[in-house]
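Read the structure below first, then the notes.
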Amino acid sequence: MSKSYRRYEILLPLQFNDGTPISDDLIGTTLKELRAQFGAISVETQSIQGTWSYLGQEYRDALIRVFVDVEDKASARKFFKQFKDKLKQRFQQLDIWITTYPVDVV
């Protein structure tokens, strides 16, 4: 019997909104938490560049992409919703972009 899986992708900032670099320790703590929760994670370490506006102010982001493939369960979705709030506070961000979509494991 096959299981249904989802991929959760998180864009983690490499700098605070004021441009100050985020320490490797904060990134490392985040990765360790995800690995402890789900057993495995993947990280693309090349910098992803983004720009966005909020209340008339433009922001530029440098980000890395972290992704986790997990069983498609309500408990995983609940975890990521709560984790997002934690990450927004940890990285002092207005928002943290987390997306999810189904994956087929062969």
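The values are calculated or read from the model by the stated rules, or taken from the named source; none is laboratory data. All values reported here derive from a predicted model rather than from experimental measurement. We place every Cβ from the backbone using ideal geometry, glycine too, and count neighbours over all the protein chains shown.
Worth pointing out:
- Number of residues in segment 54-84 that are closer than 24 Å to Leu14 by Cβ, of a type outside the set (A, V, I, L, M, F, W, C) and surrounded by 11 or more Cβ atoms within 10 Å (Cβ to Cβ): the value is 6.
- Ile48 being surrounded by 13 or more Cβ atoms within 10 Å (Cβ to Cβ), closer than 15 Å to Ile98 by Cα and without any contact (Cβ under 8 Å) to a residue 40 or more places away in the chain: yes
- Output for segment 84-97, where each listed residue is over 9 Å from the mean Cα position of the chain (by Cα) and either closer than 18 Å to Ser42 by Cα or free of Cβ contacts under 8 Å to residues at least 24 places away in the same chain (or both): Asp85, Lys86, Lys88, Gln89, Asp95
- Unmet requirement for Asp25, which otherwise passes all of (1) under 20 Å from Tyr101 (Cβ atoms); (2) of a type in the set (D, E, K, R); (3) free of Cβ contacts under 8 Å to residues at least 60 places away in the same chain: (1)
- Asp104 falls short of the stated requirement of being at pLDDT 95 or above and of a type in the set (Asp, Glu).
- Filter pass, Ala36 being within 21 Å of Val103 (Cα to Cα) and surrounded by fewer than 11 Cβ atoms within 10 Å (Cβ to Cβ): no
- For segment 18-67, taking the residues that are basic (Lys, Arg) and over 15 Å from Lys86 (Cβ atoms), the one that is nearest to the chain's Cα centre (by Cα) is identified as Arg65.
- A count restricted to segment 49-80 and to residues that are over 20 Å from Gly39 (Cβ atoms) and among the basic types (Lys, Arg) stands at 1.
- Filter result for Asp25 (surrounded by fewer than 10 Cβ atoms within 10 Å (Cβ to Cβ), more than 16 Å from Asp95 (Cα to Cα) and among the acidic types (Asp, Glu)): yes
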